[in-house]
Amino acid sequence: LSPSSTDTRGNNSQKRLRNIEKRWITGLSLGFLATLWIFAGNGIFTGGFLITTIISQLEYYRMVEYTGVTPAKKIGVVSSLLCYFVAASFPKLHEACLPFMTVALMTWQLLFKKTSSSIAEISETFLGMFYLGYLPSFWVRLRRMGEMSKLMFPQILRGLSWTQADTWTHGA
């Protein structure tokens, strides 16, 4: 074996070890941050989820635009904001969001837009609103489930001083 081939193997193994170390650090950091986020309380949980949803929804609409279809981004983002607001403030009325979102989308696409909308524009906008706005907002609604049912868990952790009243709900 030549000296250069052993150096290459040594460099590759060192790179693999550094890569594994980075993955471990990243995984543990994300796990820790996600745990803090989940148990931070309803406001921070909802805000973090809403920011993530809007970023992913805009990315989805950007991907759709690359195919030549122009979705209604503003109505999609506003409908996601509405879903999260209703899920966090009025969880019992959350199911009414989807019909209102759909009517708002159809009204915008068919009446107020200067050019007629294609089926692809309407369906892609609706899919972004539904899959990236409405469905994830159920996690916020689940989070509020503890306030709706007043049931708590687990019994052992309830006595810890760092827990809050809304931390150990069924939704959390």
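Only the coordinates and a few stated rules stand behind these numbers; no lab work does. These numbers come from a predicted model, not from an experiment. A quick note on method: Cβ atoms are made from the backbone with ideal geometry, for glycine too, and the neighbour counts reach across all protein chains shown.
Going by amide H atoms built from the backbone, whose H comes under 5 Å of the H on residue 72, apart from near neighbours?
So residue 72 has HN proximity to 125.
Using the crude model of +1 on Lys and Arg Cβ and -1 on Asp and Glu Cβ, and no other charge, please compute the dipole size for the stretch 23-120 relative to its Cα centre, in debye to 20. Before the final figure, lay out the partial values.
Working: 7 positive and 3 negative charges, 39 e Å.
With only Lys, Arg, Asp and Glu charged at Cβ, the dipole is about 180 debye.
Using θ = phi - 60° and the Karplus curve 6.51 cos²θ - 1.76 cosθ + 1.60, what whole-Hz ³J(HN,Hα) does each residue of the stretch 127-140 get, with Gly and Pro shown as x?
4, x, 5, 6, 6, 10, x, 6, 4, x, 5, 5, 5, 5
Excluding residues fewer than 8 places away in the same chain, name every one of the lysines whose C-alpha is closer than 26 Å to that of residue 73.
113, 114
Considering only the other residues whose Cβ falls under 12 Å of the Cβ of residue 125, what net charge follows from Lys and Arg at +1 and Asp and Glu at -1?
Once all neighbours under 12 Å are counted, the net charge is 0.
Can you tally the net charge around residue 71? Count Lys and Arg as +1, Asp and Glu as -1, for every other residue whose Cβ sits under 11 Å from the Cβ of residue 71.
Charge balance near residue 71 sits at 0.
Per residue of the stretch 99-109, in order, report the coupling 6.51 cos²θ - 1.76 cosθ + 1.60 (Karplus, θ = phi - 60°) as ³J(HN,Hα) in whole Hz, putting x for Gly and Pro.
x, 5, 4, 5, 5, 4, 5, 5, 4, 5, 5
Highest mean first, how do 112-124, 38-50 rank when packing is the count of other Cβ atoms within 10 Å averaged over residues? Before the final figure, lay out the partial values.
Values: 112-124: 12.9, 38-50: 16.7.
So the order, starting with the most tightly packed, is 38-50, 112-124.
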